[in-house]
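Beneath this line is the structure, given in structure tokens, with notes to follow.
Rule-based calculations on the coordinates, nothing more; no lab input. Remember, predicted model here, so these are calculated numbers, not experimental data.
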Amino acid sequence: MGNYNQFSIEERSVIQAQLTLGFKPSWIAVGLGRSVSTISRASLQWVS
């Protein structure tokens, strides 16, 4: 199993802002150097 790191406060802010602006999770993932599934999974938790 791989290593998992939590998002920093800065990363969370970027993800939430960009999702609000309509950015696709794949674009956000590339910008942050993270996996698309990581961004998608996190965004589902915040939206719910």
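Pull out the extension gain between residue 45 and residue 16, defined as 0.36 nm times the separation in residues minus the alpha carbon to alpha carbon distance; nm, one decimal. Before the final figure, lay out the partial values.
On the way: separation 29, 0.36 × 29 = 10.44 nm, distance 1.13 nm.
Residue separation times 0.36 nm, minus the Cα-Cα distance, leaves 9.3 nm.
Here the convex hull built on the C-alpha positions of the chain has a volume of 76 cubic angstrom per residue. The long axis of helix 9-20 is offset from the longest Cα principal axis of the chain by roughly 40 degrees.
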